[in-house]
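Read the structure below first, then the notes.
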Amino acid sequence: MKTALDLPDELVREIKIEAAKRGAKLKDLIAELLRVGLDARDGRTYTEARLRVDPRSGLKVVADTREAHPDNPISPGQIAEILQRHEAEWAIETTR
């Protein structure tokens, strides 16, 4: 769904910088940040990993915004969830 928002300039700058760092589309990052905020409000956790396109290779990769640590690996189940979410988002976009 398309919508218009009036956001503070500094906030938009921060989001654009973060999107560039992640190689993400601005709309996708804003949707992710809204999900994280809503989930936090409800006491849920949202996986911070998502599918993105590597700007150098053009390949799709599963990227996690959290610091890599051996005690906090991404599980195959989480990867499957990311891929399913990406596929669902793609299906919605192609039907518009």
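Points to keep in mind about this one:
- Here the 3J(HN,Hα) profile of the stretch 21-30, calculated from phi with Karplus coefficients 6.51, -1.76 and 1.60 at θ = phi - 60°, is 4, 7, x, 9, 6, 4, 4, 5, 5, 4 Hz, Gly and Pro shown as x.
- With a Förster radius of 30 Å applied to the beta-carbon distance between R13 and A88, the computed FRET efficiency rounds to 0.50.
- Label positions at A80 and V62, each projected 7 Å from the Cα along the C-beta direction, are separated by 1.0 nm.
The numbers here are math on the coordinates, done by the rules we state, and not lab data. The shown structure was predicted, so the numbers you read here are calculated from the model rather than taken from an experiment. Reconstructed Cβ throughout: ideal geometry from the backbone, glycine too, with neighbour counts over all protein chains shown.
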